[in-house]
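S.K.: Take this structure first; my questions come after.
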Ligand code: COA
Ligand code: AMP
């Protein structure tokens, strides 16, 4: 079947389409009803089913005779080690961990925060929660204690599972003090913490802590507990307009069905093939395509602890692909830009036999045509841009390689996937003509596996996504659809920026800067960066009479963002200005500032209160190397 036929079959009868996809899942009680309309624009998929995610990701493969198949390859250029775990070994380890969690009182519905580096135990922890119906919330290791504390207070976990340390190329990240600091800051106190001691740094355990191995000793392994289809599998926090992160909820059954569907239809892999997503378990890409989808589908997944360059060189990606026989490789464009910068002519590519590699997938930020072209030239396989969000959990638009390799249009993540009726709307919510730029919205209901709500925040869910365009989900992205139905993602419509493929809130950074005692007012914008796509830049107006040197306040502000949000914010540039450009009604003209920083032509908007301030902004930006 061609893409258009598959899409049409979904359009004709969406519920039939997804019930048919659901046949690939092993149910304890198979769904009879696909979609439940809960009214008021809320929907649930397969709510009447009973199923266990861990069973589908692990046990069923062992029962079906694939216990000896490699489930996880841990490749850590940082420690110089490679380890493999078979599905049988994974089953034993996960059942044991789940049993120990249960023995310590973790029950179905309890939340467990996971704060771990890229080690297989991070995946085991996620699966162990799924095995007993606990709801995990993985927090990215590059976030600081304060961000972890915010998530602890929102998710109110009974336990935290962490490692003693993470390993960045230039330093050891001391996770244990970060966890302790976060618990100290949080109002909610978890009952216990499970600590995986890594040999690079053994942490001192406190009264609340148990050792990962020690607490499993002598405890009976746990069986898989079937849960309702609409039982939350996990909460994943993501950035929104304000500093408070949004807890995206993922229901169990839809997640299983949709992710499994994508593995063949989008990524074109069969069970047993090696699939590699070079991301981090702390992000949605890591949840969906390092942990769940490859395992549910019976693939081998790679847990990679390293960087595309410098660990040890710009050939790392190609070494891993060649050594482990990777068929489909998924990463963010920024990672390719990092490699391209070190190895523009692809000298490292030539060192490896990459004949195993069939397709490369890019997502997480806009894939610039130069980067795609470079990858095409070096690798000689299709390079597929696809577009999705934490909220959806898998691709909204893609080139579905397992269905049909559609013509690639550089700059476009191709076409809407079945399940998604994507439309471009004007301010008033009216559909726009092909080629016209507008807000990208998706007609409700969203397909299985996408967010049904936000954790403990239904009103915020409505306000963030459902209110602006009634009957639609508002993606927060702006773009267009061409005559052939190809989508183009141009910009965010909110204060979210994308730094090295990491989604960050400029509003969150502004909140931190505003807390500095000498800062009277501030703004943060995302400016174009050759490597990371975007970089945050802060503008600070200081309190009169503060009597401080600008450079001292800037240095303190940079430190403050790193301490409060974390190194991942990559907040390194700020500049002191007298005033911020505002409209007469007091709105800061961030978009105009972005244009100035990027060297684009701009016109002072008619509503600006003082056009001269734009020249001052330009001079300030030039002083820190932007706005050439
Ligand atoms: N734990 C602790 N700190 C972390 C971290 C983690 N898990 N991940 C990143 N950091 C730190 C980095 O060490 C860096 O610190 P520094 O300011 O002291 O150098 C800072 O956070 C910024 O990280 P990043 O923006 O990722 O820069 P980088 O130089 O470490 O790596 C890339 C740049 C492009 C190589 C890397 O971001 C990358 O591979 N990104 C694409 C893959 C990806 O994860 N995509 C997500 C969605 S697909
Ligand atoms: P995240 O929730 O971290 O996955 O970030 C989602 C956001 O990243 C989207 O809303 C887009 O703004 C951006 N994004 C993701 N994939 C793409 C893509 N292929 N092209 C352009 N932007 C993308």
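S.K.: For region 428-459, what are the residues that are in a loop (DSSP other than H, G, I, E, B) and over 14 Å from residue 392 (Cα atoms)?
M.R.: Correct list: 428, 429, 430, 432, 433, 434, 435, 436, 437, 455, 456, 457.
S.K.: For residues in region 354-366 being part of a loop (DSSP other than H, G, I, E, B) and within 15 Å of ligand 2 (Cβ to nearest atom), which is nearest to the chain's Cα centre (by Cα)?
M.R.: 364
S.K.: Starting from region 500-520, take each residue that is in contact (Cβ under 8 Å) with a residue 60 or more places away in the chain and farther than 16 Å from residue 573 by Cα and list its partners that are assigned to a helix (DSSP H, G or I) and within 14 Å of ligand 2 (Cβ to nearest atom), counting only C-beta distances under 6 angstrom and pairs at least six apart or across chains.
M.R.: Going by the 6 Å Cβ cut-off, the qualifying pairs are 501/334; 502/568.
S.K.: So residue 447 passes all but one of these: (1) at negative phi; (2) at pLDDT 95 or above; (3) within 19 Å of the chain's Cα centre (by Cα); (4) within 11 Å of ligand 2 (Cβ to nearest atom). Which condition number does it fail?
M.R.: It fails just one condition, (4).
S.K.: Which pairs do you get when a residue that is closer than 19 Å to residue 384 by Cβ, found in region 484-495, comes within reach of a residue that is assigned to a loop (DSSP other than H, G, I, E, B) and within 16 Å of ligand 1 (Cβ to nearest atom), reach meaning Cβ atoms under 7 angstrom, with the pair 6+ apart or on two chains?
M.R.: Within 7 Å, the pairs are 487/413; 489/366; 489/413.
S.K.: Shifting gears a bit: Out of 32, 6, which single residue is under 29 Å from the mean Cα position of the chain (by Cα) and either more than 22 Å from residue 466 (Cα to Cα) or exposed (fewer than 15 other Cβ atoms within 10 Å of the Cβ) (or both)?
M.R.: After applying the criteria, what remains is 6.
S.K.: Could you tell me whether region 271-283 includes any residue that is more than 16 Å from ligand 1 (Cβ to nearest atom), more than 18 Å from the chain's Cα centre (by Cα) and either crowded, with 22+ Cβ neighbours inside 10 Å or not in a loop (DSSP other than H, G, I, E, B) (or both)?
M.R.: Pass one, region 271-283, residues more than 16 Å from ligand 1 (Cβ to nearest atom): 271-274.
Narrowing further to those that are more than 18 Å from the chain's Cα centre (by Cα): 271-274.
Pick out the ones that are also either crowded, with 22+ Cβ neighbours inside 10 Å or not in a loop (DSSP other than H, G, I, E, B) (or both) and you get 274.
Within region 271-283 (the criterion being more than 16 Å from ligand 1 (Cβ to nearest atom), more than 18 Å from the chain's Cα centre (by Cα) and either crowded, with 22+ Cβ neighbours inside 10 Å or not in a loop (DSSP other than H, G, I, E, B) (or both)), the answer is yes, since at least one residue qualifies.
S.K.: Determine whether residue 558 is within 33 Å of the chain's Cα centre (by Cα), crowded, with 21+ Cβ neighbours inside 10 Å and away from ligand 2 (no atom under 16 Å from the Cβ).
M.R.: It is false that residue 558 is within 33 Å of the chain's Cα centre (by Cα), crowded, with 21+ Cβ neighbours inside 10 Å and away from ligand 2 (no atom under 16 Å from the Cβ).
S.K.: Continuing with the same structure: In region 249-270, which residue that is within 15 Å of ligand 2 (Cβ to nearest atom) and in a strand (DSSP E or B) is farthest from residue 462 (Cα to Cα)?
M.R.: The qualifying residue farthest from residue 462 (Cα to Cα) is 250.
S.K.: What is the residue count in region 367-389 for residues that are within 16 Å of ligand 1 (Cβ to nearest atom), assigned to a loop (DSSP other than H, G, I, E, B) and surrounded by fewer than 21 Cβ atoms within 10 Å (Cβ to Cβ)?
M.R.: Selection size over region 367-389: 1.
S.K.: Just to be sure I understand the filter: pairs with C-beta atoms under 7 Å, separated by 6 or more residues or on different chains, first member in region 271-290 and touching a residue at least 60 places away in the same chain (Cβ under 8 Å) and farther than 18 Å from residue 85 by Cα, second member assigned to a helix (DSSP H, G or I) and within 13 Å of ligand 2 (Cβ to nearest atom). Which pairs pass?
M.R.: Final answer for the pair search is 279/285; 279/286; 280/286.
S.K.: Residues that are under 17 Å from residue 437 (Cβ atoms), within 19 Å of the chain's Cα centre (by Cα) and within 16 Å of ligand 1 (Cβ to nearest atom): find the strands (runs of 3 or more DSSP E) completely inside region 460-516 holding 1 or more of those.
M.R.: The strands (runs of 3 or more DSSP E) meeting that bar are 472-481, 487-492.
S.K.: A further question follows. Please specify each residue of region 291-314 satisfying the condition of being free of Cβ contacts under 8 Å to residues at least 40 places away in the same chain and away from ligand 1 (no atom under 14 Å from the Cβ).
M.R.: 294, 297, 299
S.K.: Still on this model: Taking the condition part of a strand (DSSP E or B) and either under 30 Å from residue 44 (Cβ atoms) or within 12 Å of ligand 2 (Cβ to nearest atom) (or both), does residue 394 pass?
M.R.: Taking the combined requirement at face value, the residue does not satisfy it.
S.K.: Considering only region 159-181, state which residues are in contact (Cβ under 8 Å) with a residue 60 or more places away in the chain and buried (at least 20 other Cβ atoms within 10 Å of the Cβ).
M.R.: 167, 175, 178, 179
The values are calculated or read from the model by the stated rules, or taken from the named source; none is laboratory data. What you see is a predicted model; the values in this text were computed from it and never measured. Counting neighbours? That spans all protein chains shown, and the Cβs are built from the backbone with ideal geometry, glycine included.
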